[in-house]
Structures are given as structure tokens and as C-alpha cells.
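Please read the structure below before turning to the comments.
The values are calculated or read from the model by the stated rules, or taken from the named source; none is laboratory data. For clarity, every value in this text was computed on a predicted model and none was experimentally measured. Neighbour counts are summed over all protein chains in view; Cβ atoms, including those assigned to glycine, are modelled from backbone coordinates with ideal geometry.
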Amino acid sequence: MITRLSNPYAGCGTGSGAWVRGSIHGHSSEHSGCSSVPLADGVERYRAAGAGFMAVTDHDHVSDLSAARARHPDMVFLEGFEHSSAENVLFVGERVPPLHRLPMAQALAAADGLLTVVCHPRPRAHDDYWTVEKILALSPRPAGIEVYNGHYSGRHVLWKHTNPLYTDTWDALLSRGARLWGYANDDFHDPPDFGRAWNMAWVDSLTPAGVLRALASGRCYGTTGLLAESIDVDRSRVNVRLAGPAEGRFIGPEGRVLSNTAGRDFAWRHDGEAYLRFEAQGDAGMLWLQPFFPAAT
């Protein structure tokens with residue numbers, strides 16, 4: 001019996017929507033002491049890079065973005081904060097109340113309508129930060145997890161041996177039945193952070209609500225530069241075409257590599273796995289698609 005797969009990308013690439021890039025994790029020097037970038041400078045850097053949306057998620061502070069919205073009405077600005085009283089979680093939305101004043105559990109319970117994302121699960125290569133058990137214990141569970149954080153991909157101002165990639169944590173969670181979307185952010189603090197990672201979102205309208213719908217429903221993927229041209233599911237077969245050559249891998253439970261080939265076109269037929277996801281790396285950078293799950297019957 002052929003199992004149908006769910007497809008968060010159904011309809012992407014057709015109709016009146018568009019792929020738009022942006023980041024949902026970043027800071028300003030006015031309200032995050034760890035940042036050296038003023039808010040207005042960060043906005044201008046994103047605009048110059050061609051971003052269609054950005055979120056400012058200062059530590060335990062919801063920054064006022066009204067000036068940015070007035071100055072750049074063609075961009076979408078999302079409010080948010082990084083809850084920092086314990087291991088960190090992003091809270092992002094069109095309008096975000098000061099839930100950072102609440103303990104994490106209460107903040108998550110009150111985050112109706114907001115996008116919540118676990119931050120940088122293991123920012124230092126040899127340290128546990130967000131363990132799988134800690135994430136599974138969150139209730140309600142956040143919608144997603146950072147699978148890549150650009151702030152930890154280069155020389156860090158304080159730490160050595162930083163780690164930007166968290167697909168192992170993602171696979172462990174997916175293998176335990178947790179359905180979390182994956183996001184890639186540059187987590188800008190300092191000028192070198194900009195452009196290290198993006199989320200490409202298929203938006204039906206370039207509005208805060210449209211961007212949030214795309215991000216919250218998995219109609220997005222993370223990238224450090226590599227882009228997808230098409231993502232298609234034909235019952236149980238996933239077909240991916242990339243904009244440039246790369247080494248592509250289909251991944252199953254426990255992070256097992258199901259297929260590893262090179263080129264621009266990739267395909268894999270689901271064979272009963274609890275989930276299936278695709279990632280790739282080429283000269284243009286890396287890319288992580290959202291997982292595909294057996295569809296409910």
C-alpha cells in the first residue's frame with residue numbers, strides 16, 4: 001500500500017504568491033547588550049540585501065518598529081523577543097505582548113497566534129544547551145527549532161569552538177515524534193553576522209499575516225545561499241530541483257542518510273519512514289527543507 005506524504009509546499013511556486021527571504025532572529029544595540037548594531041543600521045542592511053521581511057528579537061524586550069515600518073512600507077517587520085531567563089526561545093508575531101515578563105512555561109501558554117522557535121540548541125560544540133529532553137518537556141511545545149544559526153558560524157566575540165548546525169537535535173526530536181519546523185537565522189548581533197543564513201518563505205501576500213502564515217505552516221526553508229527551484233510531492237515520491245549543483249541527501253529517522261547524490265535534481269520514494277527530509281550543500285551554500293510526514297488517512 002502506497003503511503004501519501006504530507007506536503008507543506010503544496011501550491012508553492014504557483015499562483016500569485018512569491019518566495020521572499022528574511023530572518024526571524026536578530027538584535028539591536030539599543031536593547032540587547034550583546035549587540036553592536038543599532039536598530040536603524042540593521043534595518044538598512046537587510047533592505048540592501050533584498051530581504052522582504054525581518055524580525056527584531058531583542059533579549060527580553062519588544063522593540064518598537066514603527067519608525068522602520070513608516071520608512072520602509074515595502075518590507076514586513078515582525079515584532080518579537082528572545083526569552084532569555086533560561087534556555088532561549090523566540091516569540092515572533094505581528095504584535096507581540098511583553099510575555100518575556102512571565103516564566104517560560106507561562107509565556108508559551110500565552111503565546112496564542114505567535115511563532116515560537118527554540119534557539120541555537122547547542123551553540124558550543126562540546127556543551128549541551130537545549131537537550132532533546134528539555135525541548136520535549138516544553139508544554140505547549142514551540143512550533144520550530146533553529147537548525148542553523150549564523151551568529152555561531154564564524155569567530156565569536158566571547159567563545160571558541162562554536163557550532164552553528166543543529167540538524168542532529170532536529171532529527172532526534174523528529175524521531176521521537178515531535179513535529180517541529182526548521183528555521184535558519186543569522187541571529188545578527190554584529191556586522192559580520194548579516195547574510196549568513198535566511199528563511200525563504202512562500203507568501204501569498206507580503207504582509208505580516210502572510211509572512212507569519214508561511215513560516216508557521218512550514219511553507220519555508222532554511223538556507224545559507226543555496227535555493228530551491230521546485231519542491232513537489234507525488235503521493236509518496238518527493239522531487240526537488242535546486243537552482244545550482246549540490247550534494248543532496250534525503251534523511252530519515254535517527255538522522256539516517258537514505259540517499260546521497262550530486263546534481264540539481266533529486267528524488268526519493270517514501271518507504272514507511274516516520275518522516276523524510278531533504279538537505280543539500282553546494283558552492284552556493286546549504287539548504288534545509290521542512291520534513292514530510294505520512295499523511296493522515
**Item:** Residues that are in contact (Cβ under 8 Å) with a residue 40 or more places away in the chain and more than 12 Å from TRP170 (Cα to Cα), drawn from segment 120-137
**Value:** PRO123, TYR129, LYS134
**Message:** Please determine whether any residue of segment 79-89 is at pLDDT 95 or above, of a type in the set (Asp, Glu), within 19 Å of the chain's Cα centre (by Cα) and in the same structural domain as SER32 (by TED's automatic domain parsing).
**Reply:** yes
**Prompt:** With respect to the numbered conditions (1) assigned by TED's automatic domain parsing to the domain that holds VAL43; (2) at positive phi; (3) in contact with a strand residue (DSSP E or B) (Cβ under 7 Å, 6 or more places away or on another chain), which one is the sole condition not fulfilled by GLY263?
**Reply:** (1)
**Message:** Can you confirm whether ASP128 is over 18 Å from HIS61 (Cα atoms), of a type in the set (D, E, K, R) and in contact with a strand residue (DSSP E or B) (Cβ under 9 Å, 6 or more places away or on another chain)?
**Reply:** no
**Prompt:** Looking at (1) in the same structural domain as ILE24 (by TED's automatic domain parsing); (2) buried (at least 23 other Cβ atoms within 10 Å of the Cβ); (3) modelled with pLDDT of 95 or more, which is the only condition LEU165 fails?
**Reply:** (2)
**Item:** Yes/no for GLU82 being surrounded by fewer than 20 Cβ atoms within 10 Å (Cβ to Cβ) and within 17 Å of HIS27 (Cα to Cα)
**Value:** no
**Request:** Filter segment 183-204 for residues that are of a type outside the set (A, V, I, L, M, F, W, C) and either touching a His at 6+ places or on another chain (Cβ under 9 Å) or free of Cβ contacts under 8 Å to residues at least 40 places away in the same chain (or both) and give the result.
**Result:** TYR183, ASN185, ASP186, ASP187, HIS189, ASP190, PRO192, ASP193, ARG196
**Asked** If you take the residues in segment 1-37 that are touching a His at 6+ places or on another chain (Cβ under 9 Å) and not in a loop (DSSP other than H, G, I, E, B), which one is surrounded by the fewest Cβ atoms within 10 Å (Cβ to Cβ)?
**Response** LEU5
**Asked** Across segment 160-175, what is the number of residues that are assigned to a loop (DSSP other than H, G, I, E, B) and among the polar types (S, T, N, Q)?
**Response** 1
**Request:** Give me a count of the residues in segment 100-119 that are part of a strand (DSSP E or B) and either among the charged types (D, E, K, R) or farther than 20 Å from LEU173 by Cβ (or both).
**Result:** 0
**Request:** Would you check which residues across segment 203-244 are touching a Pro at 6+ places or on another chain (Cβ under 6 Å) and of a type in the set (D, E, K, R) and list them?
**Result:** ARG219
